[in-house]
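Q: Below is a structure I'd like to ask you about.
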Amino acid sequence: MKFWMFLLSLLLHATLYSHQVEWIKKYGGESAKNDEGKDVIFRNNLLYTVGFESSYGGSSKDIWLLGLDPDGNEVISEQFGGSSSDIAYSLDSDDSGFYIAGKKGSNAYAVKSDLNGLYQFDLSFGSGYSKTFYDVLKLSDGNILLVGFDFSYKGDDIDPGEEVNVDKDYLVIKMDSNDGSIIWNKTYGDSDNEEIDSVIELSDGTILLAGSDGDSGIVMKMDLQGNIESTFNVPGFDCVKDLIYDNNKLLLLGYKNSESSSFDVKATFTDLNGEVISNFTFGGVGYDFPTSIEKLSSGNYIFSGYTSSFDVSDNAAWLFEFDSSGDEIWSYIYDQEYNDKFNSVIELPDHSLVAVGGSESIETYSDQLVVKFQGDDVVNQPPSVSDILDQTINKGEQFSTINLDDYVSDPDNDDSEIVWSYGGNSNLSITIVDRVAAITYPNNWFGSETITFTAEDPNGLSDSDIVTFTVNNIDQNIVVDNILPSNGGSLSI
């Protein structure tokens, strides 16, 4: 029943709302080779993907940086690695170039290139058992954070020549962005199957790490020095694959192995302490696996992954868009004869979507798959400010404070995203704190003054209302009039 209700919902929504495919392209090529894209970013009007290829000069996999113009034409194609099996999982950038994270043979590996894809330096970490970087992040302090797992080392103080254990532990390395040197490295964990799959940084410098402790999904808070501040487990998750921070909430994306030996996609909103706000399950009767999540300009969310549900040939590449209530908005499945997958999806400034992954066939075995969808013409609506009541008081009294949230509506933004300003005052003093306005006046002043309150959204659209504030003067002068002396005498006052 769950499968058929989900499929019916998918079909109904597909008729009402859709992102139209603009183009589908595959990259790679030679017979019996492996090529796949793992991550994608947009920079300087170009798309950049990383992953691996084995079609250009060898049987082993090499890290592959591919640059595409908006029409999908190749502008950059660079390989990094050696004779071992080398894979990139994540990509970040700044004005100096690209930071690529993955693995080289059994070592965790990161490489820096310039914006043309030319090699600058690399970092290879480990010996012995397998290590991998799953994600890379340019930090607010200018350095690079690399996260993943370590299958040999454990503890804060690591001697590269000494293997402490063979547990799979969390691995975090802070790398100098100028030369690739290690600033510090940390391993954490006390079970045998721990990993970090994704990392983000908040505006206050707090780092959030998401992954698995071997039994359930986990999120850890860490400072810029690598100290773990707190940890919480995520109910109903085997692993958290990706996360985003949205309006003081976390949206966690992961999976759960169900009782029927299938996998379900899980999405959960929590606060920063791990308190669950809402949670959703997506998928059918088969194997449904998520890889990345993105918030769209529409306010909805979209994840990439792959699925064996919905009557597909094998594993099919899958995109799924949903709103904050967990209701499906749109879904797309790319299904060829063999295994297909999407590993990452992003939204471009024109509201178009780009998804990257891999597609298998008999002829080429596996190509990098990139699908671009047309923009859906999302138009940001301006905020609307309703009538703020005028206020009149007597001298010596105080004006009432104004909760500005009560007077604005915006279909695209929360109240906390609206910035308020004011103008037109010459005698009145205005302060706005947490979107509450307080109005004061000088002790010796009375009269009326109009103030314009303006609400502006993050895209610069605004609306205003004019409010009149009046102070009545109750200290009246004594008036003496028409007092006549009696009997014609004089009158003194």
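All of the numbers you see were taken from the coordinates with simple rules; none came from a lab. Quick caveat, the model's predicted, so the values are computed rather than measured. Note: ideal-geometry Cβ built from the backbone for every residue, glycine included; neighbour counts use all protein chains shown.
Q: If you stretched the chain out fully between N178 and N444, how much longer would it get, using 0.36 nm times the residue separation minus the C-alpha to C-alpha distance? Don't skip to the end; give the middle numbers.
A: Working: separation 266, 0.36 × 266 = 95.76 nm, distance 6.16 nm.
Here the answer is 89.6 nm.
Q: On to the next question. Over the Cα atoms of the stretch 384-472, what is the Rg over Rh ratio if Rh follows Kirkwood?
A: 1.00
Q: Going by a ≥ b ≥ c, the root eigenvalues of the Cα gyration tensor, does the stretch 165-228 fall in the rounded group (a/c under 1.5), the prolate group (a/b larger than b/c) or the oblate group?
A: In terms of gyration-tensor shape, oblate.
Q: Rounded to the nearest 0.05, what FRET efficiency do N403 and S60 give with R0 = 56 Å and r taken as the Cβ-Cβ distance? Could you check? Present the calculation step by step, with values, prior to reporting the outcome.
A: Numbers: r = 64 Å, r/R0 = 1.13.
Given R0 = 56 Å and the Cβ-Cβ separation, E is 0.30.
Q: What aspartates and glutamates sit close enough to K103 to cross-link, taking a C-alpha to C-alpha distance under 15 Å and skipping anything fewer than 8 places away on the same chain?
A: Counting by Cα, and skipping residues close in sequence, K103 has these aspartates and glutamates nearby: E36, D39, E53, D62, D86, D122, D135, D150, E195, D197.
Q: Now a separate question. Between S84 and N233, what FRET efficiency comes out of the Förster formula 1/(1 + (r/R0)^6) with R0 = 30 Å and r the beta carbon distance, rounded to 0.05?
A: On the way: r = 35 Å, r/R0 = 1.17.
According to the calculation, E is roughly 0.30.
Q: Now, a different point. Let's test the formula: R0 of 56 Å, r as the Cβ-Cβ distance of I474 and D223. What FRET efficiency results, to the nearest 0.05?
A: Using R0 = 56 Å, I get an efficiency of 0.45.
Q: Now for a different question. Once each part is reduced to its C-alpha centroid, what is the distance from the stretch 307-357 to the stretch 246-285 in angstrom?
A: 17
Q: Here is a follow-up. Kindly rank 288-300, 64-76 from highest to lowest mean number of other beta carbons found within 10 Å of each residue. Display every interim value, and only then the final one.
A: Numbers: 288-300: 20.4, 64-76: 17.1.
Highest mean packing first, the order is 288-300, 64-76.
Q: Between [x] 46, 28, 18; [y] 58, 27, 22; [z] 68, 38, 22, which entry matches semi-axes √(5λ) of the Cα gyration tensor in Å as derived from the coordinates of this structure?
A: Given [x] 46, 28, 18; [y] 58, 27, 22; [z] 68, 38, 22, the structure-derived one carries the label [y].
Q: For helix 2-16, report the angle its Cα long axis makes with the longest principal axis of the Cα atoms of the chain; keep it between 0 and 90° and round to the nearest 10°.
A: Once rounded, the angle reads 60 degrees.
Q: Gain in length, D204 to D246, computed as 0.36 nm per residue apart minus the alpha-carbon separation, to one decimal in nm?
A: Numbers: separation 42, 0.36 × 42 = 15.12 nm, distance 1.44 nm.
Gain on extension, D204 to D246, equals 13.7 nm.
Q: Oh, and also: Given the pairs K112/K221; K112/K174; K33/K104; K341/K372, which span a C-alpha to C-alpha distance of over 23 angstrom in this model?
A: K112/K221
Q: Next up: Would you mind calculating the relative contact order of the stretch 323-479 from Cα pairs under 8 angstrom and at least 6 residues apart, reporting the percent as a whole number?
A: Relative CO of the stretch 323-479 lands at 20 percent.
Q: Quick one: work out Rg over Rh on the C-alpha atoms of the stretch 36-150, Rh as Kirkwood radius.
A: Values: Rg = 13.4 Å, Rh = 14.1 Å.
Answer for the stretch 36-150: 0.96.
Q: How much length is gained on full extension from D215 to S421, taking 0.36 nm per residue of separation minus their Cα-Cα distance?
A: So the chain would gain 69.2 nm between D215 and S421.
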